[in-house]
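For reference, the structure discussed in these notes is given below.
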Amino acid sequence: MRRRWVQKRRSGQSGFALAEALVSLTIAAMTLALLTSATWGLRQTTLQPTELQQEATDWLTARRVLQSWAASASLAGRDMTEGRFFGSPTQMRMILDDGTSGDSRPMMVGLTITQEDGLYRLVASRNFDVRDVRLAGDNAQTSTMIVSESPLSLVYRAGATSVARQGVWTYEPRPEQGLPFAVAIEQGAERMIVAQMPTTISAICVARLGPAGLEDRDCELR
């Protein structure tokens, strides 16, 4: 009787060991599946920021370029916008004063928004030795800064007369409104970049009149 009980006990232990082995194999398989899934997810997470980082870098570059250009924008006088500045929802052109480029040459800079194959592109351009935005040549140096699936547009704060009276945002600034107080780039409904145009005294006028131009009302832009 005792021997039979021992045999049954050993048989029960063998069955338990087999069941335990099956459970272990199941857990191992599940763990492997989870690890594989986690590794794939980690790889996707690693790849995604690369595209996001590139997009962020592109917008940062566009911001720096626009801020630099906007800070150098000037007119010959308060009512002399034509020939020095032009703005629309898809294009902006302005003349930067002599000395703003590395070799002290007059330069026309611009931003153009194009659409092709469902993509919107923001293209920056430079034309040297151009003093009138209406006389753009074919030798512009261009660089694509932003590629977007969402619509891009340029918008301007026009009619500003002072820091307190900064005008209104418009897509179609008029020449009689003078130099905009700011220019922005929109992506869809979101305003991504806003660059101030802080100039209040005409650099061209001051260059012509010397220090006296700083006090001359004809040199005021706002």
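The values are calculated or read from the model by the stated rules, or taken from the named source; none is laboratory data. None of these values were measured; they are calculated from a predicted model. Glycine gets a Cβ as well: all are built from the backbone with ideal geometry, and neighbour counts include every protein chain shown. Each accessible area value is taken on the protein alone, full model and side chains, heavy atoms only, with ligands, DNA and RNA left out. Shrake-Rupley method; radii C 1.70, N 1.55, O 1.52, S 1.80 Å.
Data overview
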| quantity | calculated |
| --- | --- |
| Solvent-accessible surface ranking, highest first, for 222, 64, 174 at 1.4 angstrom | 64, 174, 222 |
| Globularity index of segment 101-151, i.e. its alpha-carbon radius of gyration over 2.2 N^0.38 Å | 1.33 |
| Where segment 149-217 is the region considered: accessible area per residue in Å², 1.4 Å probe | 55 |
| Peptide ranges 198-208, 135-145 listed from the most packed, as the mean C-beta count within 10 angstrom indicates | 198-208, 135-145 |
| Estimated vicinal HN-Hα couplings, Hz - segment 117-122 in sequence order (Karplus 6.51, -1.76, 1.60; Gly, Pro = x) | 6, x, 10, 10, 10, 9 |
| Shape category assigned to segment 155-215 from the gyration tensor of Cα positions, a/c cut at 1.5 | prolate |
| Per-residue SASA entry for residue 218, accessible area with 1.4 Å probe, Å² rounded to 10 | 110 |
| Most to least packed among 51-57, 80-86 [average Cβ atoms within 10 Å] | 80-86, 51-57 |
